[in-house]
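Let me begin by presenting the structure, written as structure tokens, before commenting on it.
The values are calculated or read from the model by the stated rules, or taken from the named source; none is laboratory data. This structure is a prediction, so every number in the text was calculated from the model and none was measured. Ideal geometry is used to build each Cβ from the backbone, glycine not excepted, and the neighbour counts take in all protein chains shown.
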There are 2 protein chains.
Amino acid sequence: MRKILAIDAGGTSSRAVLLDMTGACGGFGRAGAGNPTAVGIASAVDALGLAVERALGGAASPSAADSFVVVALAGAATPPFLSLLEARLTHLGLHGNIVIEPDLLGTFSSGTSGQHGYAMIAGTGAIAARVSDGRIHTVRGGTGWLLGDTGSGFWIGQQIARAVVASLDGLGPSTALTPLLLKATGIERTGALRRGRSEELSQLMQELYSLRPVELARFAPLAFEAGEHGDVESGTAQDVVASDILEVAASGIARVLAAAVESDAERDVEPDVEPDVDGCVVLGGSVLAAGLARAPDIFLHRLRAAAGGSELVMVQDGVVGAAVLALRHLGREVDVEFHRRLTREVDRVRSPAVCE
Amino acid sequence: MRKILAIDAGGTSSRAVLLDMTGACGGFGRAGAGNPTAVGIASAVDALGLAVERALGGAASPSAADSFVVVALAGAATPPFLSLLEARLTHLGLHGNIVIEPDLLGTFSSGTSGQHGYAMIAGTGAIAARVSDGRIHTVRGGTGWLLGDTGSGFWIGQQIARAVVASLDGLGPSTALTPLLLKATGIERTGALRRGRSEELSQLMQELYSLRPVELARFAPLAFEAGEHGDVESGTAQDVVASDILEVAASGIARVLAAAVESDAERDVEPDVEPDVDGCVVLGGSVLAAGLARAPDIFLHRLRAAAGGSELVMVQDGVVGAAVLALRHLGREVDVEFHRRLTREVDRVRSPAVCE
């Protein structure tokens with residue numbers, strides 16, 4: 001039987017599922033970041049290879065097997081990346097076609113069997129798209145850490161770092177983020193001063209400037225933590241600095257989504273495109289997941305307003321969508337009922353008891 | 001006669017002046033960035049060597065000369081930098097002592113003969129200090145492009161880039177900064193679309209991500225240009241986006257200055273420090289120069305409020321201050337009258353007709 005591998009290659013982690021044409025899943029695997037633009041080609045291929053190996057479990061065979069692989073990829077599929085990925089998959093006994101799809105389409109197809117609507121991912125970056133006839137039609141956001149992506153994981157992490165640095169430097173208010181960030185970077189508070197500045201400030205600067213800028217994204221969860229638990233030192237119920245960061249983040253993310261939704265207005269100059277009034281908005285990525293779960297009062301109403309009446313669907317990742325795309329490439333029709341069954345099936349093999 | 005060289009090594013350019021113990025100046029030289037932390041050791045030493053060579057003019061001699069060199073330095077004076085600088089100066093016939101002083105002290109001593117007060121530099125970065133007994137006592141700001149320095153040249157340049165990217169991406173308002181930045185980066189407006197986004201946006205992103213982040217500082221002057229001339233396309237008198245950037249920049253800079261001034265409040269725990277009620281605030285750096293000259297309605301009242309009643313003095317650079325520090329190191333007393341004469345003397349040799 002033909003081996004179908006559906007892979008979701010994200011900026012933080014990657015997932016692979018093994019399935020057949022009936023949508024029955026035979027294995028699931030997780031590994032690290034699979035975005036070649038963010039982590040480099042070799043590192044991304046290592047992660048994707050590992051996820052596939054885990055999904056294949058004992059099913060890997062050195063003999064040639066008829067296979068079909070779809071990768072829903074964050075980042076650019078350059079020729080060197082594709083060559084290296086093909087070599088790695090061949091090594092795992094997979095000799096068939098490899099099809100690369102945008103990660104936004106994997107996310108979209110994880111949330112709906114529809115072919116029209118919107119997808120938004122807010123993880124390390126923040127990007128949204130209008131999906132039309134099953135393809136990405138218009139993209140908004142995703143302009144990267146230096147030039148855009150307000151509200152992304154990098155942006156939140158940087159705002160946390162800037163707020164703590166300002167506070168230690170006497171330029172900003174006290175915040176519950178300070179002890180959280182110092183703990184996360186392993187710096188002890190000594191209270192010592194040098195030229196009237198805290199020793200911790202020098203240490204923190206040294207620590208944070210030694211990272212690649214985008215790595216500041218790893219501190220984004222602290223904003224939700226401080227937002228929930230407040231400032232123990234000052235005894236307030238909620239940390240204002242952290243809440244402010246999350247408010248601006250939610251607004252920035254909502255603005256990108258709104259721009260993708262509003263791009264429909266351009267349709268009157270594209271008469272060949274059908275209106276898709278019933279398309280839903282599929283949301284993915286770690287910041288949106290944390291935002292809706294841990295700070296719904298900040299995120300939900302902004303996203304609803306941006307969606308302009310369309311239904312919001314949050315997905316865990318894009319692996320179900322990658323499977324949908326694979327089956328459609330092979331001629332299988334995926335309707336609402338089949339999509340529901342496939343999602344349940346992926347959830348079954350995804351559970352740690354079965355695959356890890 | 002002993003050769004005294006006073007050097008101001010800044011992040012954008014460097015200056016050197018040749019003088020004697022009477023304060024008479026024999027030559028002046030300019031060259032590129034002399035901040036070894038920002039541009040690298042070799043490049044910084046090249047610039048400083050060139051500035052000195054130009055200041056010496058025909059006065060350089062291969063024979064050993066008794067010399068004394070003071071460098072008011074932006075960035076860190078690491079041992080490798082000092083070795084390389086010493087070798088370069090020896091090569092230029094200067095065999096005496098080299099003393100490194102903080103650039104903030106050079107700026108301060110350019111503006112006053114006093115020994116107490118405050119200095120602030122807003123150029124590529126933004127940093128302020130309290131000066132006490134002729135030494136830097138407390139530093140605020142200067143935490144760098146990623147973690148602080150709101151209002152610095154980098155910060156303004158990045159805000160310009162983000163505003164233009166947002167505008168081209170349909171996420172932000174139209175702004176006069178767009179044609180200015182596209183012109184500055186050599187990108188033509190074609191109006192062509194790809195996935196519903198302008199071709200210019202892709203080209204601009206490619207162009208800006210190819211720079212080192214701090215190089216975005218080079219676009220800071222566009223904010224003043226747009227603020228002055230407004231948005232020709234929309235016909236408004238002043239560009240709101242550019243004005244907003246400058247308002248936040250001025251507030252950020254003023255906050256750093258205010259924190260340095262407020263650090264005086266810590267003095268009650270330092271009984272050995274005399275209050276310096278009559279110290280002035282000396283301002284330097286390209287952003288403060290442009291702010292006070294081209295957007296005084298935005299900058300002046302904020303800086304006045306931050307200075308808390310102290311007099312504001314804007315200086316062109318720190319080269320007069322470096323000369324003051326050199327003469328004081330050699331035992332010369334520098335009072336108000338001598339300082340005034342020295343400033344005139346440096347201005348005389350500084351004029352292009354005399355030295356370049």
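The condition of being more than 30 Å from B:Leu257 (Cα to Cα), surrounded by fewer than 21 Cβ atoms within 10 Å (Cβ to Cβ) and in contact (Cβ under 8 Å) with a residue 40 or more places away in the chain holds for only one of B:Ser198, B:Ser202, B:Ser174, B:Ser210, that being B:Ser174.
Give me the residue from the range A:150-168 that is out of contact with any helix residue (DSSP H, G or I) (no Cβ under 6 Å at 6 or more places or on another chain) and free of Cβ contacts under 8 Å to residues at least 40 places away in the same chain and, out of that set, nearest to B:Ala129 (Cα to Cα).
A:Ala166
Scanning the range B:234-293 for residues that are at pLDDT 90 or above, farther than 27 Å from B:Ser113 by Cα and surrounded by fewer than 21 Cβ atoms within 10 Å (Cβ to Cβ) yields B:Val240, B:Ser243, B:Asp244, B:Glu247, B:Val248, B:Ser251.
Out of all the residues in the range B:160-173, is one or more more than 7 Å from chain A (Cβ to nearest Cβ) and in a loop (DSSP other than H, G, I, E, B)?
Yes: the range B:160-173 contains one or more residues that are more than 7 Å from chain A (Cβ to nearest Cβ) and in a loop (DSSP other than H, G, I, E, B).
Among what's in the range B:198-229 and is under 24 Å from A:Gly142 (Cβ atoms), outside any helix (DSSP H, G or I) and of a type outside the set (Ser, Thr, Tyr), pick the residue that is farthest from the chain's Cα centre (by Cα). Among residues in the range B:198-229 that are under 24 Å from A:Gly142 (Cβ atoms), outside any helix (DSSP H, G or I) and of a type outside the set (Ser, Thr, Tyr), the one farthest from the chain's Cα centre (by Cα) is B:Leu211. Candidates in the range A:294-325 are the residues that are buried (at least 17 other Cβ atoms within 10 Å of the Cβ) and among the charged types (D, E, K, R); of these, the one that is farthest from the chain's Cα centre (by Cα) is A:Arg302. Of all residues in the range A:147-158, none satisfies being over 29 Å from B:Ala217 (Cα atoms) and surrounded by fewer than 24 Cβ atoms within 10 Å (Cβ to Cβ). In this structure, A:Leu94 does satisfy being buried (at least 16 other Cβ atoms within 10 Å of the Cβ) and at pLDDT below 95. Restricting to the range A:103-126, what's the tally of residues that are touching an Asp or Glu at 6+ places or on another chain (Cβ under 8 Å) and under 22 Å from A:Ala217 (Cα atoms)? Final tally of qualifying residues: 5.
For the range B:119-141, which residues satisfy the criterion of being in contact with a Phe, Trp or Tyr (Cβ under 6 Å, 6 or more places away or on another chain), closer than 15 Å to B:Pro102 by Cα and more than 9 Å from chain A (Cβ to nearest Cβ)?
From the range B:119-141, those in contact with a Phe, Trp or Tyr (Cβ under 6 Å, 6 or more places away or on another chain) are B:119, B:124, B:130-131; that's our starting set.
Keeping just the survivors that are closer than 15 Å to B:Pro102 by Cα gives B:119, B:130-131.
Result: B:Ala119, B:Val131.
Only one entry of A:Phe68, A:Phe108 meets the criterion of being among the aromatic types (Phe, Trp, Tyr), outside the structural domain of A:Val346 (by TED's automatic domain parsing), in contact with a strand residue (DSSP E or B) (Cβ under 9 Å, 6 or more places away or on another chain) and farther than 12 Å from A:Arg15 by Cα, and that entry is A:Phe108.
Here the range B:177-195 is the region considered, the condition is being in a loop (DSSP other than H, G, I, E, B) and surrounded by fewer than 13 Cβ atoms within 10 Å (Cβ to Cβ), and the residue that is farthest from the other protein chains (Cβ to nearest Cβ) is B:Glu188.
Would you confirm whether or not the range A:10-28 contains a residue that is within 23 Å of the chain's Cα centre (by Cα), assigned by TED's automatic domain parsing to the domain that holds A:His329 and acidic (Asp, Glu)? No, there is no match, as no residue in the range A:10-28 is within 23 Å of the chain's Cα centre (by Cα), assigned by TED's automatic domain parsing to the domain that holds A:His329 and acidic (Asp, Glu). Checked against (1) surrounded by fewer than 23 Cβ atoms within 10 Å (Cβ to Cβ); (2) of a type outside the set (A, V, I, L, M); (3) part of a loop (DSSP other than H, G, I, E, B), B:Ser43 meets all criteria but (3). Of all the criteria given as (1) away from chain A (no Cβ under 11 Å); (2) surrounded by fewer than 24 Cβ atoms within 10 Å (Cβ to Cβ); (3) closer than 25 Å to A:Leu204 by Cβ, the one not satisfied by B:Gly144 is (1). Helices (runs of 4 or more DSSP H) fully within the range A:291-356 that include at least 3 residues being out of contact with any Lys or Arg (no Cβ under 8 Å at 6 or more places or on another chain): A:296-307, A:319-329, A:336-350.
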